[in-house]
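*Asks:* The structure follows.
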Amino acid sequence: MKRLQKAVGRIFGGVLLLLFAGVARAAASEEIVLTGRAMGTTYRVRALADSATMTADGLQRETDALLERLTQQMSTYRADSELSRFNRQRETNWFAVSREFAVVVEEAQRISRLTGGAFDVTVDPLVRLWGFGPERRTAVVPSDEAIAKARRRVDYRRLDARLDPPALRKLNPELSVDLSAIAKGYAVDAVAALLVKSGAGHYLVEIGGELAARGHSALSHPWRVGIERPLDTGREIERVVELKDRALATSGDYRNFFSAAGRRYAHIIDPRTGRPAAHNLTSVSVAHDSCMTADALATGLTVLGPDAGFELAVQNNFACLFILRGEGAFTEKRTSAFAELLPR
Ligand code: AMP
Ligand code: MG
């Protein structure tokens, strides 16, 4: 039997979702598909129900409500989000926040320590200075003076998070936080948890290119996704992977960047220099049980670069695919733990 009649790709951030359509064996009613917008991007969920009580309408409403709540907590793009209010205030006392917000900052701090500050959610002033924040794109290289000034406001060690009760504290009142490199991953985990609670034994959740999968697809196949080839224009698959009860996050320098004087300046900033990470590492994908962790690691390893980043991934046995830009071609570096994702 010809199992797959048509394969179409959908693209986000660093992944192409392979949507296998037109398969006779997959009864359409078995699979619930949810789509929408959240966290400044789009999301898509495919779920198979274990219980008859799960309805597409009900799940869609709950998913939208959950993602709206998280966006209202952690968005830099909303002036009235919890995060924007925390950023605006100049106190050094504990500032009460939602539990989810504090959980994300705690994990961010752990990844900052692990990466020696390459990952740093207090990088916000530099992100804005380089024109990658919520304000309009500038596409201008800032002066050394402006970079030095913004850098004085960046240091994850000057930010405290606690859970009981959930609160954040600035030790430097000038600090501000940007969770763009980790919040989408957290949201993926949260939607996955909602699905489990609702009786979905099998699902694929994707928000802006970050993914989590459990079980198998309607065809009883492992969930398959394509990691994108990091081309500036055009969309191609570099590698197809299978996700079995895992999350996958990808960071890269090939979608959000500007060029000036023949150089590429991408949206991932090295807090240690105050400048966009500059090396030939163009895409990092990380598989992990937690999408929040995978998301933060993908960004942090991108900052660390093809050597130090890869070394850290190997030391910690992280499942990673690094794609490097070479002379007219891309090359891959894979950790041995990544082998479990390669289809047999
Ligand atoms: P991602 O796509 O997950 O790699 O996140 C990239 C976004 O995270 C950027 O657009 C910035 O808003 C923010 N960001 C940039 N550099 C860093 C960094 N070194 N640590 C944490 N977040 C960063
Ligand atoms: Mg990230």
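*Asks:* Could you give me D for the chain, from Stokes-Einstein at 25 °C and 0.890 mPa s, where the hydrodynamic radius is the Kirkwood radius over C-alpha pairs? Units µm² s⁻¹, please.
*Replies:* Roughly 119 µm²/s, to the nearest whole number.
*Asks:* While we're here: Quick one, what does Rg over Rh come out to for region 197-272 if you take C-alpha atoms and the Kirkwood Rh?
*Replies:* Working: Rg = 16.4 Å, Rh = 14.8 Å.
Taking Rh as the inverse mean 1/r over Cα pairs, Rg/Rh reads 1.11.
*Asks:* Calculate for the chain the 222 nm mean residue ellipticity that helices alone would give, adding -39,500 (n - 2.57) per DSSP H run of length 4 or more and normalising by residue count, nearest 500 deg cm²/dmol. Show your work: numbers first, answer last.
*Replies:* On the way: 7 runs with 96 residues, N = 344.
The per-residue figure over the chain is -9000 deg cm²/dmol.
*Asks:* GNM on the chain, C-alpha springs below 10 Å: top fluctuator among Arg263, Arg85, Arg272?
*Replies:* Most flexible of the set in this elastic network: Arg263.
*Asks:* Taking the alpha-carbon set of region 232-304, what are its Rg and Dmax in Å?
*Replies:* For region 232-304, the Cα radius of gyration and maximum Cα-Cα distance read 13.6, 45 Å.
*Asks:* Report relative contact order for the chain in percent, whole number only (criteria: Cα-Cα under 8 Å, sequence separation at least 6).
*Replies:* Numbers: 742 pairs, mean separation 60.5, N = 344.
This gives 18 percent for the chain.
*Asks:* Here's a follow-up. Given a 10 angstrom Cα cut-off, can you work out which residue in Ala218, Ala150, Ala260 is the most mobile in a GNM of the chain?
*Replies:* Comparing Ala218, Ala150, Ala260 in the GNM, the peak value goes to Ala260.
*Asks:* Another question, then. Answer rounded, prolate or oblate for region 135-235, using the Cα gyration tensor with square roots of eigenvalues a ≥ b ≥ c: rounded when a/c is under 1.5, else prolate when a/b is larger than b/c, else oblate. Could the numbers behind the result be given before it?
*Replies:* Numbers: a/c = 4.23, a/b = 1.53, b/c = 2.76.
Because a/c hits 1.5 or more and a/b fails to exceed b/c, region 135-235 counts as oblate.
*Asks:* Any chance you could give the angle, 0 to 90 degrees and rounded to 10, that helix 183-197 forms with the longest Cα principal axis of the chain?
*Replies:* Rounded to the nearest ten degrees, it is 40.
*Asks:* Under the Karplus relation 6.51 cos²θ - 1.76 cosθ + 1.60, θ = phi - 60°, what is the ordered set of whole-Hz ³J(HN,Hα) values for region 315-321, x standing for Gly and Pro?
*Replies:* After applying 6.51 cos²θ - 1.76 cosθ + 1.60, I find 3, 9, 6, 6, 8, 9, 10 Hz.
*Asks:* Which value results for Rg/Rh of region 23-161 when Rg is the Cα radius of gyration and Rh the Kirkwood radius based on the inverse mean 1/r?
*Replies:* Values: Rg = 19.9 Å, Rh = 18.2 Å.
Reported Rg/Rh (Cα atoms, Kirkwood Rh): 1.10.
*Asks:* Mind checking the angle between helix 56-74 and the chain's longest principal axis? C-alpha axes, 0 to 90 degrees, to the nearest 10.
*Replies:* Compared with the principal axis, the helix lies near 10 degrees.
*Asks:* Counting residues in region 88-163 as N, plug N into 2.2 N^0.38 Å and put the Cα Rg over that result. Please list the in-between numbers first.
*Replies:* Values: Rg = 14.0 Å, N = 76, 2.2 N^0.38 = 11.4 Å.
That ratio works out to 1.23.
*Asks:* Do you know the relative contact order of region 181-274, to the nearest whole percent, from alpha carbon pairs under 8 angstrom that are 6+ apart?
*Replies:* Worked out over region 181-274, it gives 19 percent.
*Asks:* Compute the acute angle (0 to 90°) between the alpha-carbon long axis of helix 99-114 and the principal axis of greatest extent of the alpha-carbon atoms of the chain; round to the nearest 10°.
*Replies:* 70
We did not get these values from a lab; they are worked out from the coordinates using the rules stated. Please read all numbers here as calculations on a predicted model, not as lab measurements.
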